[in-house]
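K.L.:
Provided herewith is a single structure, encoded as structure tokens, for subsequent inquiry.
The values are calculated or read from the model by the stated rules, or taken from the named source; none is laboratory data. Note that the coordinates shown come from a computational prediction; the quantities given were computed from them, not determined experimentally. Positions of Cβ are generated from backbone atoms using ideal geometry, with glycine treated the same way; all protein chains shown enter the neighbour counts.
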Amino acid sequence: MASHDATSDPNEGWGWGFDFLYSQYMWVWLALLILTLVEVVIPEPEIIGLSFQFSRPFVVISLISLALVKTWMVAWYYMHLIAERPSIILIACAPFLFSLFLTIGIFPWNGG
Amino acid sequence: MASQNASLAADSMIGEESLGVTNGKLGMWAFLVMDAMTFAGLLAGYARLRWTPGSDWPLPIEAFGFTGIQLTALNTFILICSSVSMVHVLAEQMRGNMERAKKWMLFTIFGGLVFLGIQGFEWTHLIMDMWPYLFDEGYEAAYSVNFAATFFILTGFHGMHVSVGVIYNVIIYLGLRSGKITKDDTSVVEIAGLYWHFVDLVWILVFTFVYLI
């Protein structure tokens, strides 16, 4: 990503904390839109004229991975975790750990 | 680190600090963590109900159809655009360009309203046409009623968050318009942005799990 081309302008002078705001967030926006399009195509490849179906495990794993990547992008760039203290990043990670344990814990592994 | 010093300099204009961030921001993060865990509970319950053997769960793609998924994909697109326009608000405010910040704020609010409008349209269609058995015993359920129940709980709980976010954003807009929020009050807008981006973030997960998988 051409993220820091606009940030080197000495007239801006906002310091490092928010420099990414000047260009990077539009790249993130573009990436989010493209990943959303990919997400829509994966379960229904006919939308773009493909005549095959992806296997079910591939669909599930790739969709969850894409969702996590998009989630990370929003949190990292839009919610400014990129410029945040490690303590805030740790706080932000807590619900993910929680949901991981919860989902694995109550998932009907042995047939409910 | 230089990055932390800069964000601290902007933050120190309002509120006391603890853990190196303003209390306002820490409070919002604490709320968001709580909120995220609520969503995690709903999603985990959804996973259990759906993948219990014999749950008679339809593939969402087949249940909602092409148009249903594409309409929601458009809604996702609108929410992401609304999220990036919120980033614009903060960026313009930090540049001191309050007129532009106000315009972007209006755009953000508009995006949230369009999202809610499309969701309202979708709900109306689902309740009236697709799942009539929810309110009328004369109809027989086509598949697991849990499919509709978890759908309404997850999208409804998220839609409530969008509604609150729109109200929150309107308040920020009024503050910007009346001049109560100046170019120095970046923390106020940043904290409002945290909430709005979180709503976007949760929708990415809900959209994936409820509509696509």
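K.L.:
Out of all the residues in the stretch A:102-112, which are under 20 Å from residue B:201 (Cα atoms) and either of a type in the set (S, T, N, Q) or surrounded by fewer than 17 Cβ atoms within 10 Å (Cβ to Cβ) (or both)?
P.N.:
Hit for the stretch A:102-112 is A:103, nothing else.
K.L.:
Taking the criterion of being modelled with pLDDT of 90 or more, among the small types (Gly, Ala, Ser) and over 20 Å from the mean Cα position of the chain (by Cα), would at least one residue in the stretch A:31-52 satisfy it?
P.N.:
The answer is no, given that none of the residues of the stretch A:31-52 is modelled with pLDDT of 90 or more, among the small types (Gly, Ala, Ser) and over 20 Å from the mean Cα position of the chain (by Cα).
K.L.:
Same structure, new question: Kindly indicate whether any position in the stretch B:59-69 is within 19 Å of residue A:60 (Cα to Cα) and within 19 Å of the chain's Cα centre (by Cα).
P.N.:
The answer is yes, given that some residue of the stretch B:59-69 is within 19 Å of residue A:60 (Cα to Cα) and within 19 Å of the chain's Cα centre (by Cα).
K.L.:
Among B:138, B:156, which is exposed (fewer than 15 other Cβ atoms within 10 Å of the Cβ) and outside any loop (DSSP other than H, G, I, E, B)?
P.N.:
B:156
K.L.:
Here is a follow-up. For the stretch B:56-68, name all the residues that are surrounded by fewer than 16 Cβ atoms within 10 Å (Cβ to Cβ) and in contact (Cβ under 8 Å) with a residue 12 or more places away in the chain.
P.N.:
Within the stretch B:56-68, B:56, B:58 meet the criteria.
K.L.:
What residue, among those in the stretch A:65-96 that are over 21 Å from residue B:30 (Cα atoms) and within 7 Å of chain B (Cβ to nearest Cβ), is surrounded by the fewest Cβ atoms within 10 Å (Cβ to Cβ)?
P.N.:
Going through the qualifying residues, I end up with A:67.
K.L.:
Just for the stretch A:59-101: of the residues that are over 15 Å from the mean Cα position of the chain (by Cα) and of a type outside the set (A, V, I, L, M), which one is nearest to residue B:206 (Cα to Cα)?
P.N.:
In this case the residue turns out to be A:99.
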